[in-house]
Each structure stands twice: as structure tokens, then as C-alpha cells.
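Worksheet for the structure shown next.
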Amino acid sequence: MGNREDLLDAATRCLYDKGYGRTTARDIATGAGVSLAAIGYHYGSKEALLNAALRRALEAWGDDLAASLAPVGRAEGTPAERFAAAWSGVLGSFAANRALWSVQFELLGLIDRDPGLKEMFAEASREARLALVELFGDGGVGDDQPRRLALGALYQAMLAGTAAQWLADPDSPPPAADLVAALRALGTTLAT
């Protein structure tokens, strides 16, 4: 492994251990066993390196979640039962990825100060919306891209909101079956 990869690994560890705002270039360089100058040489800035580390961590989480939920998509049962099973998997992923969720919420407070971070978050958000539609179902919208993005935005809001509740109180998010019941109630309300 070279210095570039060592820096990325060290930056990822720092994100999890210290958060985005408290991580210094020296923390990363020391963790990678390289000079401070290596950050500039390989990434241009500490922020660009941390953004790359965050992007990689989010992609890894998404890949892990998709792999763990793949059997749910092929499982027997109603769409609601498959949704509940998938949502249970998401709830379980929070505990395994607490530091990643904490960093993401920290970054929301910093996003306006760093255009690169804002751009990276916006791009990741668009990609996440479409990926969430693949995980949870397209709700019958088919290939209609604007509707897929809107449905993905709803899934993303549910995910982020539930993650925020879980970070504050791990016992507070509703179980998957209760969430399905709440969504059905909302559907009934909107249908009238």
C-alpha cells in the first residue's frame, strides 16, 4: 500500500475517532506514518482528503447494506413484509455504523463553509436516493426518473430522520412493522 492509500485509511480512522471538524492534518499524517506534505501532494488539502475518506466510507456502508438486504428483495412475502424486513436491516446497521452517522450529522453544520463538501454531499445524496429506491422498492413509479428521485428523497428523509432519532436515543425509532403501519395510515390520509 502506498502513501495515498495510507492517508485515506488514516483519514477514515480519524473521521470515526475524532470527527470531521476536530481532525487535524497532523492527526492524519501521523496515523498514516507520512509527512504533512504528503497530504498536499496526494490530495491537495486536508479537507479534500477527508471528503474522499467520507465518500469511501459512505460507499462502503451502502454496499454493505445492499449486500445484506439483497436476500430480502428475493424473499417471499408481500411488498410490505419485504419493506419491513429491509427496514429492520437498516435499523440494525445503525449500531454497526454509529460513528459514520455521527460524522454525517456533524457535517451538516459545516457544509456551507466548504463548497467541496457541499458538492460531494449533494452528489452522494442524489446517488443515495436512487439506490434507496432499488433497496426499498419503486412504489410502482417504474422508470419515471423524477418520480424515482422523489420517492428516493422520501426514503432518504425517513432514513436520516430515523438515524437522528437513533443517535439521540437508540430505543426511540419505531420497529419496522410500526413504520409500515404508519406509512399505511399516511397513505390512507393522503388518499382521502
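Points to keep in mind about this one:
- Options Ala85, Ala38, Ala95: the member that is among the aliphatic types (A, V, I, L, M), assigned to a helix (DSSP H, G or I) and over 26 Å from Gln156 (Cα atoms): Ala38
- For region 1-42, taking the residues that are of a type in the set (A, V, I, L, M) and in contact (Cβ under 8 Å) with a residue 24 or more places away in the chain, the one that is nearest to Trp101 (Cα to Cα) is identified as Leu15.
Per-residue answers, yes or no, for (1) within 28 Å of Val103 (Cα to Cα); (2) under 20 Å from the mean Cα position of the chain (by Cα); (3) among the β-branched types (Val, Ile, Thr); (4) not in a loop (DSSP other than H, G, I, E, B):
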| position | (1), (2), (3), (4) |
| --- | --- |
| Gly140 | no, no, no, no |
| Ala150 | yes, yes, no, yes |
| Ala163 | yes, yes, no, yes |
| Gly187 | no, no, no, yes |
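- Index of the failed condition, Ser45 passing every other in (1) small (Gly, Ala, Ser); (2) in contact (Cβ under 8 Å) with a residue 24 or more places away in the chain; (3) more than 15 Å from Val103 (Cα to Cα): (2)
- Qualifying position, being under 15 Å from the mean Cα position of the chain (by Cα), in a helix (DSSP H, G or I) and among the β-branched types (Val, Ile, Thr), among Thr12, Thr30: Thr12
- Residue list for region 165-176, filter: within 16 Å of Asn97 (Cβ to Cβ) and in contact with a Ser or Thr (Cβ under 6 Å, 6 or more places away or on another chain): Gln165, Pro173
- Single match in Leu100, Leu135, Leu69 (criterion: within 12 Å of the chain's Cα centre (by Cα), hydrophobic (A, V, I, L, M, F, W, C), within 27 Å of Ala177 (Cα to Cα) and part of a helix (DSSP H, G or I)): Leu100
Read-outs throughout are calculated quantities, based only on the coordinates presented, and are distinct from any laboratory measurement. Here the structure is a predicted model, which means the values were calculated and not measured. Positions of Cβ are generated from backbone atoms using ideal geometry, with glycine treated the same way; all protein chains shown enter the neighbour counts.
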